[in-house]
Amino acid sequence: MKIHETAFIVSTYRSHYKEVSKDCYAQLWNNSDTDALIADILKSVSAHEAILHSIRNRFFYEKMNAFFGKNNGGTLINFGSGFSMYQFSFSNNVSTIEIDKKGIISYKKEKVDHWIKTGELPHRDIQYTAIDFNANTAAEIVVMLQPMITKQPTFILIEGVLFFLNREITNTLFSVFNQLQKSRDLLGAVTYLPEVEQTPVYKRLLHYFDSNNDTNDSFLHQTLPNSYLSKVKGYKVKENTDEFELSKIYAPKHKIRNKLDILNETMYILEKT
Ligand SMILES: C[S@@+](CC[C@H](N)C(=O)[O-])C[C@H]1O[C@@H](n2cnc3c(N)ncnc32)[C@H](O)[C@@H]1O
């Protein structure tokens, strides 16, 4: 498993439940290699992964759509953006800055430019920048991103990424966010709480990554306690919830009975003070 494959996997999950995820463009990234990996994950880790990732996308879609609607546009700064497609569902007064590793960013730009040309995607104002969070200091990242922000307010998203980073890099990124944002801007983040580590399903996930690891890619498995997110310098918690709770709203038919049976991620919306 390579780190870019995780981006294909989550975008394919979203395409399985478009009515839940609200990502009607996710299927553009589907491919047979990813389908084969997903069949294995749903069988050997958890059958609920596709619906949970669709719920996660829906949560951030709703939050960002409301934020940009209220503010008549702004900038989405997507850290570890993978193949997420939010901007195409927002109105075109929203600009997007896509940040990920070089391979993903150049592949995404090439494909998205092509689909805009063929009319499969609507035109949007998108800037792409390749950054490896493990290889740059906070000051370097701020210098790269600051000039790209031309439309206020900003919504920073870090979705499905913190799991792969260590604590030092996580601290670096939260310091970057604090330097880039202004009062009342929002930050969306996802993490596994440490409690999840004790569940059999999480152990199966780690086993899956360990048995399919690629030596050239970093597969850390960070969890962050609620106390970390509630004490981020420069921010206050505006909202937090988890996929189990949201499943009752967005996917009631799925009847997920016990949060310990699923890979339950916790979502935070932080507001810059
Ligand atoms: C599971 S995917 C999530 C993608 C997207 N945020 C989503 O939810 O669809 C994780 C993403 O984090 C990116 N990522 C992981 N480590 C990174 C690093 N050190 N620097 C930049 N991007 C990184 C990967 O390349 C990948 O696109």
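What follows is calculated from the coordinates using simple rules that are stated; it is not laboratory data. Predicted, not measured: the structure shown is a model, and the values here were computed from it. Cβ: placed from backbone, ideal geometry, glycine included. Neighbour counts: every protein chain shown.
Need a quick list: helices (runs of 4 or more DSSP H) entirely within the stretch 1-61 having at least 2 residues that are surrounded by fewer than 22 Cβ atoms within 10 Å (Cβ to Cβ) and of a type in the set (D, E).
32-44
Matching residues to (1) loosely packed, with under 14 Cβ neighbours inside 10 Å; (2) away from the ligand (no atom under 14 Å from the Cβ):
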| site | (1), (2) |
| --- | --- |
| T137 | yes, no |
| V142 | no, yes |
| V161 | no, no |
| R167 | yes, no |
| K182 | yes, yes |
* Taking into account only those residues within the stretch 12-41 that are in contact (Cβ under 8 Å) with a residue 40 or more places away in the chain and more than 18 Å from L52 (Cβ to Cβ), which is farthest from the ligand (Cβ to nearest atom)? -> C24
* Among residues belonging to the stretch 120-135 that are closer than 20 Å to F8 by Cα and near the ligand (Cβ under 10 Å from one of its atoms), point out the one that is surrounded by the fewest Cβ atoms within 10 Å (Cβ to Cβ). => D132
* Asked: On the given criteria, is E243 within 16 Å of the chain's Cα centre (by Cα), more than 27 Å from A135 (Cβ to Cβ) and touching a residue at least 24 places away in the same chain (Cβ under 8 Å)?
  -> yes
* Mind listing whichever residues of the stretch 65-84 are touching a helix residue (DSSP H, G or I) at 6+ places or on another chain (Cβ under 6 Å) and not small (G, A, S)? => F83
* Asked: Can you tell me which residues in the stretch 109-160 are within 30 Å of Y228 (Cα to Cα), out of contact with any Asp or Glu (no Cβ under 9 Å at 6 or more places or on another chain), among the hydrophobic types (A, V, I, L, M, F, W, C) and touching a residue at least 40 places away in the same chain (Cβ under 8 Å)?
  -> F133, A138, L145, M148, I149, L157, I158
